[in-house]
Amino acid sequence: MSEFEIIFQVLINGILFGTMYGIAAIGLSLIFGTMRIIFFAQGAIIIFFAYICYWLFTLLGIDPYLSLILVIPAALLLGAGFYYGLFKEAAALEQKEVSLLIAIGLLWLMENAMMVAWTPNPRTIVTAYTSWVLRPGGLVIPFTRLMALLIALLSAVGVFVFLKRTRIGTAVRAASEDMESTTLMGINPNWVNAVAFALGIGLAGTAGVAFATVYSFDPMYGFTFVIMSVIALAFGGFGNVFGALLGGIILGVLQSGASFFVSAGWADAICFGTFLLVLMFRPQGLFGKKV
Amino acid sequence: MANQLLEVKGIDVFYGDGQALWDVSITVEEGAIVALVGANGAGKTTLLKTISGLIHARKGEILLSGKSLSNLKPQEIVDRGIIHVPEGRRLFSNLTVLENLKLGAYVPRARPFFAESLERVFSLFPALKTRKDQKAGSLSGGEQQMLAIARGIMAQPKLLMLDEPSLGLSPILVKTIFELISALNEQKATILLVEQNITQALKIAHRAYVLKTGEIVMSGRGDELLANEEIRKAYIGERVSKR
């Protein structure tokens, strides 16, 4: 492999992994937009759906990609359910810390419940196509990673179109600017919050499936995942669908580059260091506008 | 008096432990412009927020066409036809002009009239039509105020409550806004107007209330209050002497 090919390979791996962070970050951005909290349970929910995908495949033989047909509606419903069940009362409060604490509580609850139910052993989905590899011009692109990229891009576009083209999507965008003014339009704040949650958790569902087909996972991985998604979000700037996706891709490339060119041990430290640097000099994110 | 559209009956409103409104009663007749004037902090905005359901009164009652609005949520009050155009315009600045107007017509009651409301708004504010695909945040101050009022009209209001529509605008634009409010009223709109530009507000208002530290201290016809010695000294004279 030439040096150019190696760099290209690192770049591709980074992009493919980074889109995972990206879609998780879009979910965080939507929920942050209307609720003004970082939804820390997002990572655990992604892992939860990775397990759902795993069990559907292992127990019922349902193909992971096909399982999206079940997972996406289930995730959308779960998102709205989480809002009405857990956050509705807290969302009306001026103090957002309460909602934040509920999100953190949900993270621990889900992680620990998954530990008990499904053991801390890492799980991997092995299908007929798990080892398929595309080799365009000397590069190596695993099929499942390419599919993960496609799923991520399609979900990002789907969410974007929903926010742009539908009445309630427009209301969600309005609410992330000014919830009180949105209420004065006659829009129910609970409905807007529930839709943001449904979309956010819906994205967690697709991320979970994409993740499960590519990597092995265990119950505790959700926390790392959500921290990385927060970094992606900070790179991209809050409240910007494609910014969040691009933030995720940048983070993925940074991580993959750092582990290849420096060392795997340093990769996370370099990511966190860059995160702090970005926030120090561009608190609005790389693509966000100055407030 | 004939046809009371809005009746506020003896409301007390608190922020935490502090009382902001004391036994406030006002009425707005169908088709009238009623002005609410007074110094900063007198409770004008608080009264509007209470009417639109953002704050709840601890005592008293608010009726629209004789029906109580107590315990209704803001979105339900909008659906009944009371539209509050808040101070500082509160536009969705990352959304386009058209998207802002669409959200103005969000309530089920207003949706069927969307096309005709839009046409009406564009004929009232031609500038908004040419800028309909621009982000609201890119408009000038005057255009933003027009959009805020236009967004209110999109909701097919029975009562339009305007909070400080002339605030921060140049004298020419202030004149335009007041002419516009009169024009809207001639098209049968009922308007509850909060203004610190008291002279202008009293000139166009049929009736007015003076709020002082949370209480109604005076009320009467606009032109009467405008001629009132006490008002001139307390509010209007003060402005002249400042210059």
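What follows draws every value from the coordinates through simple rules; no lab data is involved. The structure presented is a predicted model; accordingly, all values stated were derived computationally and were not measured. Methodologically, a virtual Cβ is constructed for each residue, glycine included, from the backbone with ideal geometry; neighbour enumeration extends over all protein chains shown.
Here are a few things to note about the model shown:
- Helix-only arithmetic for the protein assembly as shown: the sum of -39500 (n - 2.57) across DSSP H runs with n ≥ 4, divided by the residue total, places the mean residue ellipticity at 222 nm at -18500 deg cm²/dmol.
- Dividing the mean sequence gap of close Cα pairs (under 8 Å, 6+ apart) by how many residues chain B holds gives a relative contact order of 26 percent.
- Angle in degrees between helix A:97-118 and the longest Cα principal axis of chain A, rounded to the nearest 10: 40
- Counted by neighbouring Cβ atoms within 10 Å, the residues A:Trp191, A:Trp266 run from fewest to most as A:Trp266, A:Trp191.
- Listed residue pairs exceeding 31 Å between alpha carbons, taken from B:Lys49/B:Lys132; B:Lys73/B:Lys175; B:Lys188/B:Lys233: B:Lys73/B:Lys175; B:Lys188/B:Lys233
- Nearest 10 degrees, 0 to 90: helix A:241-261 Cα axis against chain A principal axis: 30
- Of all aspartates and glutamates in the structure, the ones whose alpha carbon falls short of 14 Å from that of B:Lys67, not counting any fewer than 8 places away in one chain, are B:Glu7, B:Glu76, B:Asp79.
- The protein assembly as shown: Rg to Rh, with Rh as the Kirkwood radius over Cα pairs: 1.08
- A:Leu286 paired with A:Ser2, simple spin-label distance in nm, labels 7 Å along Cα-to-beta-carbon: 2.6
- Relative contact order (percent, whole number), chain A, Cα cutoff 8 Å, 6+ residue spacing: 38
- Comparing A:Phe217, A:Phe261, A:Phe242 in a Gaussian network model of chain A, where Cα atoms under 10 Å apart are tied by springs, the biggest mean-square fluctuation is seen for A:Phe261.
- Per-pair calculated FRET efficiency, R0 = 60 Å: B:Glu230 and B:Lys129 via Cβ, rounded to 0.05: 0.85
- Two-site FRET efficiency, A:Ile62 against B:His56, from Cβ-Cβ distance with R₀ of 45 Å, rounded to 0.05: 0.30
- Using a Gaussian network model of chain A in which every pair of alpha carbons under 10 angstrom is joined by a spring, one finds that among A:Ala44, A:Ala92, A:Ala74 the greatest mean-square fluctuation is at A:Ala92.
- Total lysine pairs in chain A at Cα distances under 24 Å, for residues eight or more apart or on different chains: 5.
- Chain B shape via C-alpha gyration tensor axes, a/c threshold 1.5: oblate
- Computed from the Cβ-Cβ distance with R0 of 30 Å, the FRET efficiency linking A:Ala128 to A:Asp178 stands at 0.05.
- Two-site label geometry, B:Glu215 and B:Phe114: point separation in nm, points 7 Å out along Cα→Cβ: 4.9
- Degrees separating the helix A:64-82 axis from the principal Cα axis of chain A, which is the longest one: 30
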